Amino acid sequence: MKALLSSLDFERYQPRTYIYCHGDNMSLNAVAEIESQKGSLTHAKAYGLLPLPRARHVGQPVLTTSISVIKTLIVTIHHLLVVPLFTRPTEPFADLLIVNGPGTCVVLVVVAWIRRILGLSYTKIIYVESFARVKSLSMSGKLVRPFVDRFLVQWPQASDHKAECKGWLV
């Protein structure tokens, strides 16, 4: 994801908001690195950080997953639907939403679709399947596939009529 985000036109996409899960220090470090290299070429601090609760932890029992997903959904609706509705109702919360494999991305796609259904804004959604998914799609990929504008996989074996194989993106 870091390599993919580094290739974005930072002049076109600003301000940028990086959405990450609480406790995901690796993603925070990657954002800091990307922004220190490329972001400083555009505008100082043309980005924000939005932490969300993790929708599902690795190995989490199915029974408790629904509770954490609902918690993530409530927080995401607050940040991406309610707050923008009252602060800037005519503007989209994002022009482009690039998401990848973790379960939290499913919640983000759902909230983006709620905005579409309510006629609030149209955010283009691009899903990038994990590099590790060589032959089959992840559960998150299977769930969001019908709802994204572009569905990218990194291995030809995982592509089909809806999935585009663009080779290694990371």
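The values are calculated or read from the model by the stated rules, or taken from the named source; none is laboratory data. No experiment lies behind these values; they were computed from the predicted model shown. All Cβ positions, even for glycine, are placed from backbone atoms using ideal geometry, and neighbour counts span all protein chains on display.
Tell me, please, whether a residue that is exposed (fewer than 11 other Cβ atoms within 10 Å of the Cβ) and either within 24 Å of M139 (Cβ to Cβ) or of a type outside the set (G, A, S) (or both) can be found in region 41-53.
For region 41-53, residues exposed (fewer than 11 other Cβ atoms within 10 Å of the Cβ) and either within 24 Å of M139 (Cβ to Cβ) or of a type outside the set (G, A, S) (or both): present.
Looking only at region 77-99, filter to residues that are aliphatic (A, V, I, L, M) and farther than 25 Å from S6 by Cβ; which one of those is modelled with the lowest pLDDT?
Here the answer is L85.
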Just a yes or no: is a residue in region 38-47 assigned to a helix (DSSP H, G or I), at pLDDT below 85 and of a type in the set (G, A, S)?
yes
Among P102, P51, which is in contact (Cβ under 8 Å) with a residue 40 or more places away in the chain and within 28 Å of A3 (Cβ to Cβ)?
P102
Here is a list of conditions, (1) without any contact (Cβ under 8 Å) to a residue 24 or more places away in the chain; (2) exposed (fewer than 12 other Cβ atoms within 10 Å of the Cβ), and P89 meets all of them except one; can you say which number that is?
(1)
Qualifying residues in region 50-63 (those that are of a type in the set (A, V, I, L, M) and assigned to a loop (DSSP other than H, G, I, E, B)) - the one farthest from V144 (Cα to Cα)
V58
Any residue that is β-branched (V, I, T), over 22 Å from M139 (Cα atoms), at pLDDT 85 or above and in contact with a helix residue (DSSP H, G or I) (Cβ under 8 Å, 6 or more places away or on another chain) - is there at least one of those in region 56-76?
no
